[in-house]
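Trainee: Let me give you the structure first, and then I'll get to my questions.
The values are calculated or read from the model by the stated rules, or taken from the named source; none is laboratory data. None of these values were measured; they are calculated from a predicted model. Note: ideal-geometry Cβ built from the backbone for every residue, glycine included; neighbour counts use all protein chains shown.
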Amino acid sequence: MRSPLYLRASNEWSHFLAERRRFDDGKLTLIVALRPLAPVERRLAVDWGSRHANMFLLVEPHDPRCDLTGPASGRRRFDKGTHTRPPEPPPARATREAAPQSGAWLARLRRSYGLWTRWRDTTAEAVPLDLTPDDATLWDALWRRLRECFPPEAFQTALARLRAHEPELFSGRPLRAACMPFRTRLGLPVPYEPRLVVDAARSLINSGQAWAFEQQPDGRSFCGPTRRIPAEMDEEAVARLVW
């Protein structure tokens, strides 16, 4: 007799998955852990059952005493410096906006956050965000870190490697589709600006490492250095070219 499989999970974990699912649309989303996480929890928080794992940016406290998992007593426990462990996996909140805070509590939180989890293949690396007085939110500090960790040349290198090892992902598809693995695979550069992948594709083509074609039957083909994509061709037109 066949029967469907069900996941037995805590209410907190089920609620987190439902909330994360609402944001699993390929856009950058910040996940704020309410306490420091164990290594296995970090991967669960962003990758378990998600479609766009690389677009979830996990930030957690760097202060090991910070534990905000209690409903009303979280501030009291944190102020006392104690550390408790709720049932696994960890409660967390997925959001694209920062909740307003003020006063001493905000100052305390700023000192306690945060560590961003950067993925290198399957390995998690904790990257300090180092909030500055100019950073109004975690987003500001994280955005600065993303630009530092993933400059344009990082996308060119990763895209060239993907095309060499997995050409089936690209052959006959528009250049804009090249962004998909960067959204879904942990360990690839995080596409904090969608144009970065298309610009990387343009660079590969202009340097002669790839071909691109217009989709019309009599369309032009491009491959550098003598048949470069015209500088005046806008980003949308470049994104429509096919490999």
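Trainee: Return yes or no: is L138 over 13 Å from L58 (Cα atoms), modelled with pLDDT under 95, in contact with a strand residue (DSSP E or B) (Cβ under 8 Å, 6 or more places away or on another chain) and buried (at least 19 other Cβ atoms within 10 Å of the Cβ)? Outline the logic, then answer.
Mentor: Numbers: over 13 Å from L58 (Cα atoms): no; modelled with pLDDT under 95: yes; in contact with a strand residue (DSSP E or B) (Cβ under 8 Å, 6 or more places away or on another chain): yes; buried (at least 19 other Cβ atoms within 10 Å of the Cβ): yes.
Taking the combined requirement at face value, the residue does not satisfy it.
Trainee: Given the structure, is S171 within 27 Å of the chain's Cα centre (by Cα), buried (at least 16 other Cβ atoms within 10 Å of the Cβ) and hydroxyl-bearing (S, T, Y)? Walk me through how you get there before you give the answer.
Mentor: Numbers: within 27 Å of the chain's Cα centre (by Cα): yes; buried (at least 16 other Cβ atoms within 10 Å of the Cβ): no; hydroxyl-bearing (S, T, Y): yes.
Against the criterion (within 27 Å of the chain's Cα centre (by Cα), buried (at least 16 other Cβ atoms within 10 Å of the Cβ) and hydroxyl-bearing (S, T, Y)), S171 does not qualify.
Trainee: With touching a Pro at 6+ places or on another chain (Cβ under 6 Å) and not acidic (D, E) as the only criterion, which of A164, A154 stands out?
Mentor: Exactly one residue qualifies, and that residue is A154.
Trainee: Would you check if P191 is under 23 Å from L28 (Cα atoms), surrounded by 19 or more Cβ atoms within 10 Å (Cβ to Cβ) and not polar (S, T, N, Q)? Talk me through it step by step, then tell me what you get.
Mentor: Working: under 23 Å from L28 (Cα atoms): yes; surrounded by 19 or more Cβ atoms within 10 Å (Cβ to Cβ): yes; not polar (S, T, N, Q): yes.
In short, yes.
Trainee: Yes or no: the stretch 144-164 includes at least one residue that is under 22 Å from L188 (Cα atoms), outside any helix (DSSP H, G or I) and at pLDDT 85 or above.
Mentor: Yes, the conditions are met somewhere in the stretch 144-164.
Trainee: Sort out which residues of the stretch 183-235 are in contact with a helix residue (DSSP H, G or I) (Cβ under 9 Å, 6 or more places away or on another chain), more than 19 Å from L57 (Cα to Cα) and among the aromatic types (F, W, Y), and write them in order of number.
Mentor: Once the filter is applied, which keeps residues that are in contact with a helix residue (DSSP H, G or I) (Cβ under 9 Å, 6 or more places away or on another chain), more than 19 Å from L57 (Cα to Cα) and among the aromatic types (F, W, Y), the stretch 183-235 yields W211, F222.
Trainee: Checking the structure you have, find out if any residue of the stretch 171-191 is outside any helix (DSSP H, G or I) and either of a type in the set (F, W, Y) or in the same structural domain as V46 (by TED's automatic domain parsing) (or both).
Mentor: No, every residue in the stretch 171-191 fails to be outside any helix (DSSP H, G or I) and either of a type in the set (F, W, Y) or in the same structural domain as V46 (by TED's automatic domain parsing) (or both).
Trainee: Return yes when T122 is surrounded by 16 or more Cβ atoms within 10 Å (Cβ to Cβ) and either modelled with pLDDT under 90 or touching a Leu at 6+ places or on another chain (Cβ under 7 Å) (or both) and no when it is not.
Mentor: no
Trainee: Name, by its number, the condition in (1) farther than 24 Å from R195 by Cβ; (2) assigned by TED's automatic domain parsing to the domain that holds V197; (3) part of a loop (DSSP other than H, G, I, E, B) that does not hold for E168.
Mentor: (3)
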